[in-house]
Amino acid sequence: MPEILIRNADTVLTMDDARRELAGADIRICDGLITEIGHGLKSDGAVHEASGCVVTPGLVNTHHHLYQTLTRAVPRAQDALLFGWLKTLYPIWARFGPEEMFVSAQVGLAELALSGCTLSSDHLYLYPNGARLDDTIAAASELGLRFHPTRGAMSIGESDGGLPPDMLVEDEAGILEDCIRVIDAHHDAGEGAMCRVGIAPCSPFSVSRDLMRNAALLARDKGVMLHTHLAENDEDIAYSEANFGCRPGQYAEELGWIGPDVWHAHCVKLDGQEIDLFARSHTGVAHCPCSNCRLGSGIAPVRAMRDAGVPVGIGVDGSASNDSGNLVSEARMAMLLQRVAGGADAMSAREALEIATRGGADVLGRHDCGRLAVGKRADIAIWDTSGVESAGSWDPAALLLAGPTRVKYLFVEGRQIVADGQIATLDLGAAIRRQTELARRIGAEI
Ligand SMILES: [Zn+2]
């Protein structure tokens, strides 16, 4: 891939080990890597002028359900708590198939890219009408985003005392077989990987104890990561105590679901002992502040987690419970929500941006991403701070305190994904039109 030079940025927020902030700096990238950061660099390749811009590492999204991009703001789910919200949406999601999975992933990932995201995970836990994880992987590959899809699953339907309808649950042997298939077909363990697959039973209340344990054994055998929802709200804790006789942290520990190769979404209700457990074991957390607000779940103890040493990243969560997928706005919400709980000095803009970049990359086991340093992957977000949103600011913290909320340029593995604020790799207008048709058809049927 030819050399690219990003020149004369107002500020480069490196998020490197020294957290350097460089004024008037340049970044040279070649073959998907950052090869030089400094001043007055020259290049024979393409030059991107970054004066008037703040440059950051690409943001990392640690939790999403891309398929939900097709079910935003569904009327009967707008004001429900988690379990009621799920019960409203399950029958709608049961109508999806491969095209819905592909188009919603395309639109959801494009939305993320425009908000500075270069690496996203996804948690797909239902496979109706022939849908496969491969449908979302194809969408990410076409767009050019770095992608960590997880093969989710639900196996306990309503007739067995679970929450999802029986038509959306799968047989456990078949789930594990398909996990092996998608890992063998798509997982790349190497440095600079564009696709890494994880294993992700939906939640302790939608699969059996056996599946949780077998998923952990399979993940360790294959060297892939584990992901699920945990301790999301009070109902979740009550379910765990009533059905498993313990809190979610203890349940996770008993089943092998802790360690640096595990990250859990939400964790709003972790108590002090569970936070210590996660810190000791380097178990990661995907913090999803907008979804937690939207579903009234509470404020995750992120300050306590960070102080204890728990790896924390930011996630937008599914577009049916946010209902936006703007990652830089999510980082802003993380900062604001900690301040609601702990005061104005509970989290700085710089710390929230760090969580959204290198924090998320570390949660996903991607120490090659999430920071701007020589030898790291060329995943770079360039924000035009000369516009109306940030006018009057002179500190790069304004990116979270003021704006903008959309990138000017975005590079993934050195490839330009966003140019002049528009997706450069696919016809986003056509994808949105198709998504709108599909959503209207579903809306008309329910
Ligand atoms: Zn979720």
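What follows draws every value from the coordinates through simple rules; no lab data is involved. Small disclaimer: the values here were computed from a predicted structure and weren't measured. Glycine also receives a Cβ, built like all others from the backbone with ideal geometry; neighbour counts cover every protein chain displayed.
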* **Selection from 258, 397, 175 lying farthest towards where the dipole of the chain points positive, charges on Cβ** => 397
* To do: Could you work out how far helix 327-342 tilts from the main Cα principal axis of the chain, as a 0 to 90 degree angle to the nearest 10?
  => 70 degrees
* Asked: Where does the Debye-calculated log10 I(q)/I(0) of region 1-93 sit at q = 0.13, 0.21 Å⁻¹, using only Cα point scatterers of equal weight, no solvent?
  -> -0.61, -0.99
* Long-range lysine pairs (8 or more apart or interchain), the chain, Cα under 29 Å -> 5
* Evaluate the charge dipole of the chain about its Cα centre and quote only its size in Debye, nearest 20, assuming +1 on the Cβ of each Lys and Arg and -1 on the Cβ of each Asp and Glu. => 640 debye
* Within a Cβ distance under 10 Å of residue 412, other residues only, what is the Lys/Arg minus Asp/Glu net charge? -> +1
* Structure fact -> the chain, Gaussian network, Cα under 10 Å: of 53, 179, 293, the residue fluctuating most is 293
* Structure fact -> Here, region 307-353 modelled as identical Cα point scatterers in vacuum has Debye log10 I(q)/I(0) at q = 0.17, 0.20, 0.27 Å⁻¹ of -0.53, -0.71, -1.04
* Report the trypsin sites (Lys or Arg not before Pro) located in region 1-98 that are in a DSSP loop and have at most 13 other Cβ atoms inside 10 Å of their Cβ, or state none. => 19, 42
* Asked: Can you give the calculated 222 nm mean residue ellipticity of the chain, where each DSSP H run of n ≥ 4 adds -39,500 (n - 2.57) and the sum is split over every residue, rounded to the nearest 500 deg cm²/dmol?
  -> -10500 deg cm²/dmol
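How large is the Kirkwood hydrodynamic radius of region 114-154, counting all unique pairs of alpha carbons, in Å?
Numbers: mean 1/r = 0.0911 Å⁻¹.
Computed over region 114-154, the radius equals 11.0 Å.
Counting alpha carbon pairs within less than 8 Å and at least 6 residues apart, what relative contact order, in whole percent, applies to region 363-446? Write down the numbers at each step before the final one.
Values: 80 pairs, mean separation 17.8, N = 84.
So the answer I get is 21 percent.
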* Structure fact -> Counting Lys and Arg as +1 and Asp and Glu as -1 over every other residue whose Cβ sits under 12 Å from the Cβ of residue 81, the net charge comes to -3
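Residue 158 to residue 238: extension gain in nm, 0.36 nm per residue of separation minus the Cα-Cα distance? Don't skip to the answer; put the middle values down first.
Numbers: separation 80, 0.36 × 80 = 28.80 nm, distance 1.81 nm.
That pair, residue 158 and residue 238, stretches by 27.0 nm at full extension.
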* Given the C-alpha centroids of region 172-225 and region 386-446, what is the distance between them in whole angstrom? -> 31 Å
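Taking the Cα centre as origin and putting +1 on Lys and Arg beta-carbons and -1 on Asp and Glu beta-carbons, what dipole magnitude results for region 168-282, to the nearest 20 debye? Don't skip to the answer; put the middle values down first.
Numbers: 9 positive and 21 negative charges, 53 e Å.
The calculation lands at about 260 debye.
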* Enter the per residue convex hull volume of the chain, computed from alpha-carbon coordinates, in Å³ rounded to the nearest integer. => 129 Å³
* **region 154-280: Rg to Rh, with Rh as the Kirkwood radius over Cα pairs** => 0.98
* What does the convex hull of the Cα atoms come to per residue for region 148-211, in Å³? -> 87 Å³
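Could you tell me whether region 215-299 comes out rounded, prolate or oblate from its Cα gyration tensor? Rule is a ≥ b ≥ c as square roots of the eigenvalues, rounded for a/c under 1.5, then prolate if a/b exceeds b/c, otherwise oblate. Show your work: numbers first, answer last.
On the way: a/c = 1.79, a/b = 1.42, b/c = 1.26.
Because a/c hits 1.5 or more and a/b exceeds b/c, region 215-299 counts as prolate.
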* To do: With everything on Cα atoms, drop me the angle between helix 272-281 and the longest principal axis of the chain, reported from 0 to 90° to the nearest 10.
  => 60 degrees
* For region 335-425, count the residues as N, evaluate 2.2 N^0.38 Å, and divide the Cα radius of gyration by that value, please. => 1.21
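With N residues in region 45-129, what two-decimal value do you get for its Cα radius of gyration over 2.2 N^0.38 Å? Don't jump to the answer; show the numbers that get you there.
On the way: Rg = 16.9 Å, N = 85, 2.2 N^0.38 = 11.9 Å.
Normalised by 2.2 N^0.38 Å, the Cα Rg of region 45-129 equals 1.42.
Hey, any idea what the orientation-averaged projected area of the convex hull of region 263-308's Cα atoms comes to, in nm²? Display every interim value, and only then the final one.
Details: hull surface 11.2 nm².
Mean projected area of the Cα convex hull: 2.8 nm².
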* Asked: Using alpha carbons only, how many degrees (0 to 90, rounded to 10) separate the axis of helix 234-244 from the longest principal axis of the chain?
  -> 50 degrees
* Structure fact -> Least to most buried among 234, 171, by other C-beta atoms within 10 Å and fewest first, runs 171, 234
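Averaged over all directions, how much area does the convex hull of the C-alpha atoms of region 29-170 cover when projected, in nm²?
With every direction weighted equally, the projected area is 11.4 nm².
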* Structure fact -> Charge dipole of the chain built from unit charges on the beta carbon (Lys, Arg +1; Asp, Glu -1), centred at mean Cα; most positive-end Cα among 156, 315, 48 is 48
